[in-house]
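*Asks:* One structure, as structure tokens, below. Some questions next.
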Amino acid sequence: MNVVELSGVRKEYPGGVVALAGVDLTVRRGELVGIVGPSGSGKSTLLHIVGSLDRPTRGTVRIAGHDVAGLTDRELAALRARHIGFVFQSFHLAPGLTALDNVADGLLYRGTPLRERRRRAAAALERVGLAERLTHRPHELSGGQRQRVAIARAVAGDPDLLLADEPTGALDTASGGAVLELLRDLNAEGTTIAVITHDHEIAAALPRRVRVRDGRVVADEAAVR
Amino acid sequence: MTGTRMTGTRMTRTRLTPARLRPADVLRAGSAGLRARPARIVLSALGIAIGIATMISVVGVSASGKAGVIRQLERLGTNMLVASPGESMFTGKQTSLPEGAERMVLRIPGVRHAAATGGTPATVRRTDRVPKGETGGLTVQAATRDLLTTLRGRVRTGTWLNAATGRHPAVVLGSVAARRLGVTAPGEQVFIGDRYFTVIGILDDLPLAPEIERSALVGWDAARRLLGFDGHPTAVYQRSTDAAVASVRALLPRTINPRDPQDVKVTDPSTALRAKAAAAGAFTDLLLGLGAVALLVGGVGVANTMVISVLERRHEIGLRRSLGATRGQIRLQFVTESLLLSGLGGIAGAVLGAAATFGYATFMGLPPTVPLWSLTGGLAATLAIGMLAGLYPAVRAARLSPTVALQAT
């Protein structure tokens, strides 16, 4: 069963810049895949398209069974709310809110009632090992802890796909390693995860690596394990 | 997990519809931005607060002033009429009222009190050293004993004229006259005509008879004997029952001067006070306009804050879009934020304006009055301004593409 199906996806920006020049990519349920490439390779555009934040110029994109081309902006929003969780390099936590409320707000646009949001947020924070930090505000947490709060926010709704964009980019090696370990644990529990990174070391630790260069997939390799 | 799940045929799918936010969640999202930046919020809400406070206090102060005049009118009564000599229709000269006119007036049905004053040629001065011409705008008048009762006046210090003092060189000063002469207590002497009179009393203010406030009042007999007064009243004050005012008004000229009723002028001093009550609102329009300008400036401040807020919070907007917020939900969030911002300013302004009104009215001894319409109108104006100020930034925030918002630096 495929969570992501891209075929012949091309993305051009105004001015003639071709970010993606025909990408075919399939991610199956339960996979942990690294999308690797240097900056300018088109991997960020790929993230936006897979995350249904943007539409392709050509080609078809299916996310969790929905053909993105046929969806309105509102439906795309609903798709993101229900099926996709995002983790960003710079965490994007609300500074004034506690860890619990930051995670709970991840479920806001699903229409979940506040009490249920908080209950699930507490469970998600426990999953990422922050059960003791529910009432801490972001500035009271270390970088690694902040990223784990962001991961908890992304998985609180049990998305079909977790998209992590350079999740270790702003972290030191030790916290970065811990975050990667957490992603592997979540994957082991069944979450489908795509990690976008330029770091080959990180990519090497993932079971499947899709290498992107100049808007094309140049290699799709599975680790020999 | 949700119901959307691919089955083997990959055609199966449920329609995607964004969840509707509960009102409480809309408020939470809308207030989140405010809670994160308290100082900025206070400052931009202050603009609105000043505008609303100005408008409400302007309305409140004028309403309190009006209520004060009305209360004064109720106390003083609107049942007093004054008859005075007019100019002759034939000769154009100042006429005079016949002697004893006030006693004739008392016979009119419904009249309760009547009294007369008569102008004398004498002047009042502090001492005989003061030049004769410096009257200070004060007059010396003969007064009958019922004058104070008829005017519902009060003696501030000392006593009023009685049968004994009315024959001797004794004088009662109106409040303004006493102030101008520098007399503060009875017992002092003032120079009237060509001799000293002893001040036996000073009157309280008389809003219905400002001319008496500016007079030195001497007994009828004393004025005739010592000041060359001819005995003809120059004003007859009378007070009737409320119901009889109209009929008394019609009968007054004929009663006072049966031969030449057209030479008698009848005035109602309470109309002047009523005009004052109406005039209390004259300034209001101008000041209200000033408040409206302040409110408008406050609204521009809110719009400015919101525009900056949207620029600064592009990451948050991008994040919310990635979490599944629709454009409409982003728009709603920022409009809510703007409404809350100006609403807070409006409430603070209403409290401030009401407090200013109460402070002013209490200080001036007026009944504090804040009309309900000014409060509701002020708050409605605030919300309208919050809506207008928030709409443009909110639309901009909603139009922002999620990818651009996330990548913004």
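*Asks:* Taking every eigenvalue of the Cα gyration tensor of the protein assembly as shown, multiplying by 5 and rooting it, what semi-axes result, largest first, whole Å?
*Replies:* After scaling each eigenvalue by five and taking roots: 94, 23, 19 Å.
*Asks:* So, one more: Which semi-axis lengths, in whole Å and largest first, follow from the square roots of five times the eigenvalues of the Cα gyration tensor of chain A?
*Replies:* Working through the eigenvalues yields semi-axes of 28, 20, 16 Å.
*Asks:* Moving on. Restricting to bridges with both residues inside region A:107-225, how much of the DSSP beta-bridge set is antiparallel, in percent to the nearest 5?
*Replies:* Roughly 60 percent of the DSSP beta bridges within region A:107-225 come out antiparallel.
*Asks:* Looking at the square roots a ≥ b ≥ c of the eigenvalues of the Cα gyration tensor of region B:232-375, which shape do they give, rounded for a/c under 1.5, prolate if a/b is larger than b/c, or oblate?
*Replies:* The shape class here is prolate.
*Asks:* Hey, another quick one. Can you tell me how chain B classifies by the Cα gyration tensor, rounded, prolate or oblate, using a/c under 1.5 as the rounded cut?
*Replies:* Prolate shape, in that a/c is at least 1.5 and a/b is the bigger ratio.
*Asks:* To continue, here is another question. Counting Lys +1, Arg +1, Asp -1, Glu -1, what net charge surrounds B:A277 among other residues with beta carbon under 12 Å of its beta carbon?
*Replies:* My count for the surroundings of B:A277 gives +3.
*Asks:* Normalising by the residue count of chain A, find the relative contact order in percent from Cα pairs under 8 Å and 6+ residues apart.
*Replies:* Worked out over chain A, it gives 29 percent.
*Asks:* While we're looking at this one, here's another question. Can you pull the mean other chain C-beta count within 10 Å for peptide A:107-118?
*Replies:* Average neighbour count from other chains, rounded to a whole number: 4.
*Asks:* Still on this structure, please answer the following. Using alpha carbon centroids, what distance separates region A:1-62 and region B:21-53, in Å?
*Replies:* Region A:1-62 and region B:21-53 have Cα centres separated by 40 Å.
*Asks:* In whole Hz, what ³J(HN,Hα) sequence does region B:201-216 give by Karplus (6.51, -1.76, 1.60; θ = phi - 60°), x for Gly and Pro?
*Replies:* Once θ is set to phi - 60°, the couplings for region B:201-216 become x, 10, 8, 6, 4, 10, x, 7, 9, x, 5, 6, 4, 9, 10, 9 Hz.
*Asks:* Below 12 angstrom from the Cβ of A:Q89, what's the summed charge of the other residues (Lys, Arg +1; Asp, Glu -1)?
*Replies:* Charge balance near A:Q89 sits at -2.
*Asks:* Ignoring everything except DSSP H segments at least 4 long, calculate the 222 nm mean residue ellipticity for chain B; use -39,500 (n - 2.57) per segment, divide by total residues, nearest 500.
*Replies:* One gets -17000 deg cm²/dmol as the mean residue ellipticity at 222 nm.
*Asks:* Another one. Any chance you could count the Lys pairs in the protein assembly as shown whose alpha carbons are under 28 Å apart, treating pairs 8 or more apart or on different chains as valid?
*Replies:* So the count of such lysine pairs works out to 5.
*Asks:* Now for a different question. 5 Å is the cut-off here: which amide hydrogens, built 1.01 Å from N in the peptide plane, fall below it relative to A:G85, excluding neighbours closer than 5 in sequence?
*Replies:* Amide H to amide H, under 5 Å and 5 or more residues apart or across chains, A:G85 pairs with A:L161, A:L162, A:L163.
*Asks:* Of the beta bridges DSSP finds with both residues in region B:79-271, what % are antiparallel, to the nearest 5?
*Replies:* The answer is about 75 percent antiparallel.
*Asks:* Can you pull out the GluC sites (Glu not before Pro) in region B:178-227 whose DSSP state is coil and whose Cβ has at most 12 other Cβ atoms within 10 Å?
*Replies:* none
*Asks:* I would also like to ask the following. What FRET efficiency comes out for B:D221 versus B:Y360 if R0 is 51 angstrom and r is the Cβ-Cβ distance? Round to the nearest 0.05.
*Replies:* 0.60
*Asks:* Over chain B, what is the mean sequence separation of C-alpha contacts under 8 Å (at least six apart), divided by residue count, expressed as relative contact order in percent?
*Replies:* It comes to 29 percent, rounded to a whole number.
*Asks:* Need one word for region B:63-138: rounded, prolate or oblate. Basis is the Cα gyration tensor (sqrt eigenvalues a ≥ b ≥ c); a/c below 1.5 gives rounded, then a/b vs b/c decides.
*Replies:* Cα axes put region B:63-138 in the oblate bin.
*Asks:* Show me the ranking of peptides A:198-208, B:375-385 by mean Cβ neighbours inside 10 Å, starting with the highest.
*Replies:* The densest-packed peptide leads the list: B:375-385, A:198-208.
*Asks:* Using the Karplus curve 6.51 cos²θ - 1.76 cosθ + 1.60 with θ = phi - 60°, work out ³J(HN,Hα) for each residue of region B:390-406 in order, rounded to whole Hz, and write x for Gly and Pro.
*Replies:* Once θ is set to phi - 60°, the couplings for region B:390-406 become x, 5, 5, x, 5, 5, 4, 4, 6, 6, 4, 6, x, 5, 4, 4, 5 Hz.
*Asks:* Sticking with this structure for a sec: For A:D158 paired with A:T60, estimate the spin-label separation in nm (one decimal), with each label point 7 Å from Cα along the Cα-to-Cβ line.
*Replies:* Those two pseudo-labels are separated by 2.9 nm.
*Asks:* Run through the DSSP bridge list for chain B and note the antiparallel percent, rounded to the nearest 5.
*Replies:* Of the beta bridges lying entirely in chain B, close to 75 percent run antiparallel.
*Asks:* Oh, and also: Give the distance, in whole Å, between the Cα centre of region A:76-116 and the Cα centre of region A:177-225.
*Replies:* 24 Å
*Asks:* Using the Cα centre of region A:2-222 as origin and beta-carbon charges of +1 (Lys, Arg) and -1 (Asp, Glu), tell me which of A:A77, A:V195, A:V4 is placed farthest towards the positive end of the dipole.
*Replies:* A:A77
*Asks:* How many partner chain Cβ atoms sit within 10 Å of a residue's Cβ in peptide A:153-162, on average, as a whole number?
*Replies:* Across the residues of A:153-162, the mean count of other-chain Cβ atoms within 10 Å is 2.
*Asks:* Would you please give the FRET efficiency between B:V404 and A:E221, computed as 1/(1 + (r/R0)^6) with r the Cβ-Cβ distance and R0 = 30 Å, to the nearest 0.05?
*Replies:* 0.35
*Asks:* Mind checking the mean number of beta-carbon atoms from other chains within 10 Å of the Cβ atoms in A:93-100?
*Replies:* Average neighbour count from other chains, rounded to a whole number: 3.
No lab work stands behind these numbers, since they all come straight from the coordinates. These figures come from a predicted structure and were not determined experimentally. We place every Cβ from the backbone using ideal geometry, glycine too, and count neighbours over all the protein chains shown.
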